[in-house]
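*Asks:* Following this message is one structure expressed as structure tokens.
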Amino acid sequence: MDYRLGWPSLGLVASLGLLPALPASPVYPQDQPLAHRVIIIHRPTPWPHPWPYPQPQPPATRVRVEFDALGTDWGAVYLDGRLIYQPHNFNRRHTVHLQPGGYRLEVTGVVRSDRWASGYLDIGRDNSQIVVIRFSKTGGVSVSGSPEVWIPD
């Protein structure tokens, strides 16, 4: 018998006597033979539905890191051993966009052996999207944006 009828037709079927009679005492699954036990497994539908709706892509989180050279000394900034910025007379600010993670930062003079400061940048650990790093030969490194970003050696 097909039990997939809707509610309006269920009353009609019941009034015609087409539904099987209910037993007087409740029948538990363990009392029925194995052939009569029916197991219905419902799989949850994925939400949001994969089709025809477009899947939202997570935004590529990149953190804006601004380097600001204080004073008049020329220098160099190395990130993971790679030269990314050399402040001279007229370019005292530089901006890069980095993926969240840890980076090794070295601030040196024109000659790499003249190290002003070194340490680690831990970017993207909190919600700060802009980190400003100010440095100079005598003042070292100061970081704005989050207190846990700069870990000096």
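*Asks:* Here is a check on your reading of the model: is ARG43 part of a loop (DSSP other than H, G, I, E, B), within 17 Å of GLY145 (Cα to Cα) and at pLDDT below 90? Steps first, answer last, please.
*Replies:* Values: part of a loop (DSSP other than H, G, I, E, B): yes; within 17 Å of GLY145 (Cα to Cα): no; at pLDDT below 90: yes.
Here the answer is no, as ARG43 does not meet what is asked.
*Asks:* Can you tell me which residues in segment 112-131 are among the hydroxyl-bearing types (Ser, Thr, Tyr), closer than 14 Å to GLU148 by Cα and outside any loop (DSSP other than H, G, I, E, B)? Before the answer, list the steps.
*Replies:* Filtering segment 112-131 down to residues among the hydroxyl-bearing types (Ser, Thr, Tyr) leaves 113, 118, 120, 128.
Applying the additional criterion that residues be closer than 14 Å to GLU148 by Cα yields 120, 128.
Once the filter is applied, which keeps residues that are among the hydroxyl-bearing types (Ser, Thr, Tyr), closer than 14 Å to GLU148 by Cα and outside any loop (DSSP other than H, G, I, E, B), segment 112-131 yields only TYR120.
Every residue, every condition in (1) in contact (Cβ under 8 Å) with a residue 24 or more places away in the chain; (2) open to solvent by less than 30 Å² (accessible area, probe 1.4 Å), yes or no:
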| site | (1), (2) |
| --- | --- |
| ASP114 | no, no |
| LEU121 | yes, yes |
| ARG125 | yes, no |
| SER136 | yes, yes |
| GLY139 | yes, no |
| VAL143 | no, no |
| SER146 | no, yes |
| VAL149 | yes, yes |
| ASP153 | yes, no |
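The values are calculated or read from the model by the stated rules, or taken from the named source; none is laboratory data. Quick caveat: nothing in here was measured; it's all calculated off a predicted structure. Here Cβ is always computed from backbone atoms with ideal geometry, including for glycine, and neighbour counts include all displayed protein chains. Remember, those area values only see protein heavy atoms, side chains included, never the ligands or the DNA or RNA. Shrake-Rupley method; radii C 1.70, N 1.55, O 1.52, S 1.80 Å.
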